[in-house]
Ligand SMILES: Cc1cc2nc3c(=O)[nH]c(=O)nc-3n(C[C@H](O)[C@H](O)[C@H](O)COP(=O)(O)OP(=O)(O)OC[C@H]3O[C@@H](n4cnc5c(N)ncnc54)[C@H](O)[C@@H]3O)c2cc1C
């Protein structure tokens, strides 16, 4: 569902222009400096990129899921760090507040997140809670009208630069699994909350990821999302269901860009007296990339439309995340192959960087194996 085609068309055009004219020319700088230049963050702020998925009534663009995936496919055609900079505000860092926040929470956070004035993050993962995300060890102990948080969150995108943290913590002592877990909104500067240095990573230079430490961090009971104790996991899963479609789209843009680079290379690199694009085995690599990109894009758009119609998309979202992220990995590998030695040597182009950058997609927001289990479980349940 695209509500106002003219204004949405302008948003897509502006995104394409940003990617082509501003971001791509500075990808190497981002790789070297390990940060998005401040002037480009400002350009994204002014362009409203941080508020894409936040409702218009709170200062965002209020994009439908379908619009969001089209925009995400465009923005993700430049180095991954650009969209990761805005991605927590347009995704996991704001969605919990959008779907379940109280009016007061929405008023306080969403306009600032939409303007990109504050950066958000979602902190679920812990040393003992990875794929088993509900194995939450962070404790929130009630003390009058407050809770005191103790624990450690690990691998949190944008934690080193975030102003607002959504943090899952166990409020019901002795509970197990998803039950008894609440989602808290905690602001930077709250005594007892600190973040570690950005990790050294395989890829995605310019996208800071780090740990969050909670040491006697006192927050008001009113900072629980929606004010409802024990409902934190439900809130997080609602946010993640949408995010899985979003991430699938964010894995499709890089595949489109990598194929574009590989096609350009195949047409200009000559071996055996002709462009390598004339060799049929190279053509097979190109055809497989193009076909899989088309398949991913089709399923993502279809699932986004289903979500906008209010249908249950839990299984479809999992299939999109699983297929699109694995597809992106296959495309990266084929494109390195098309580049030959220049695909491995960073001095000869950016495919080597893309290959490293996209590896993460198959690991976070549910590994491929976790999605396979989810898809199979839902299929088997249907058959019963
Ligand atoms: C750069 C980066 C950014 C991240 N950003 C965030 C963030 O912003 N917020 C956040 O909360 N988290 C974030 N994460 C965490 C991410 O979601 C987890 O790393 C991921 O869920 C996997 O957990 P794990 O690393 O503990 O791996 P593990 O759970 O230890 O898994 C290791 C392997 O075992 C497999 N495995 C585990 N259980 C099963 C099973 N039952 N059946 C079959 N195979 C299984 C997995 O598929 C995987 O191959 C990020 C991670 C990284 C690396």
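What follows draws every value from the coordinates through simple rules; no lab data is involved. As the structure is a prediction and not an experimental result, all values here were calculated from the model. Cβ sites come from the backbone with ideal geometry, for glycine too, and all protein chains shown count toward neighbours.
Taking square-rooted eigenvalues a ≥ b ≥ c of the alpha carbon gyration tensor, is the stretch 243-384 rounded, prolate or oblate, where a/c under 1.5 means rounded and, failing that, a/b exceeding b/c means prolate?
Values: a/c = 2.66, a/b = 2.27, b/c = 1.17.
It comes out prolate by the Cα gyration axes.
Picking from 337, 271, 315, which is most flexible by a Gaussian network model of the chain using Cα springs under 10 Å? The residue that fluctuates most here is 271. Neighbour counts of other Cβ atoms within 10 Å put 197, 106 in the fewest-to-most order 197, 106. Which shape class, rounded, prolate or oblate, goes with the stretch 195-248 when its Cα gyration tensor gives a ≥ b ≥ c as root eigenvalues, a/c under 1.5 marks rounded, and past that a/b bigger than b/c marks prolate? Oblate, since a/c reaches 1.5 and b/c is not below a/b. Among 202, 237, 299, the order by Cβ neighbours within 10 angstrom, fewest to most, reads 202, 237, 299.
At full extension, residue 367 and residue 272 could sit 30.0 nm farther apart than now, given 0.36 nm per residue minus the alpha carbon distance.
How high is the FRET efficiency from residue 377 to residue 308, r the C-beta distance, R0 35 Å, rounded to 0.05?
On the way: r = 25 Å, r/R0 = 0.72.
That gives a FRET efficiency of 0.90.
Relative to the 2.2 N^0.38 Å rule of thumb, the stretch 334-380 has a C-alpha radius of gyration ratio of 1.66.
When you restrict to C-alpha pairs under 8 Å that are six or more residues apart and normalise by the size of the chain, the relative contact order lands at 16 percent. Treating r as the C-beta distance of residue 17 and residue 145 and R0 as 30 Å, the FRET efficiency rounds to 0.05.
What do you get for the angle between helix 103-115 and the principal long axis of the chain? Use alpha-carbon atoms, 0 to 90 degrees, nearest ten. So the helix axis and the longest Cα principal axis differ by about 30 degrees.
Would you kindly calculate the mean projected area, averaged across all directions, of the convex hull enclosing the Cα atoms of the chain, in square nanometres? Walk me through the numbers on the way to the answer.
Numbers: hull surface 79.2 nm².
Averaged projected area of the chain's Cα convex hull equals 19.8 nm².
Sorting 319, 258 on the 10 Å Cβ count, fewest up front, what's the list?
Values: 319 21, 258 28.
Ranking 319, 258 by Cβ neighbours within 10 Å, fewest first, gives 319, 258.
Sort out for me the Cα centre separation of the stretch 212-271 from the stretch 161-202, rounded to whole Å. Their Cα centres are 17 Å away from one another.
The relative contact order of the stretch 273-384, computed from alpha carbon pairs under 8 Å that lie at least 6 residues apart in sequence, is 24 percent.
Quick one: compute the contact order of the stretch 56-201, relative version, from alpha carbon pairs under 8 angstrom and 6+ residues apart, as a percent.
Values: 201 pairs, mean separation 27.6, N = 146.
For the stretch 56-201, the relative contact order is 19 percent.
Rg ratio for the stretch 5-115: its Cα radius of gyration over 2.2 N^0.38 Å, N being its residue count, equals 1.06. Angle of helix 232-268 to the longest C-alpha principal axis of the chain, folded into 0 to 90 degrees and rounded to 10: 20°. Rounded to the nearest 10 degrees, the inclination of helix 5-17 to the longest alpha-carbon principal axis of the chain is 70 degrees.
Assuming a ≥ b ≥ c are the square roots of the Cα gyration tensor eigenvalues, decide whether the stretch 112-158 counts as rounded (a/c under 1.5), prolate (otherwise, with a/b larger than b/c) or oblate.
Values: a/c = 3.07, a/b = 1.20, b/c = 2.57.
The shape class here is oblate.
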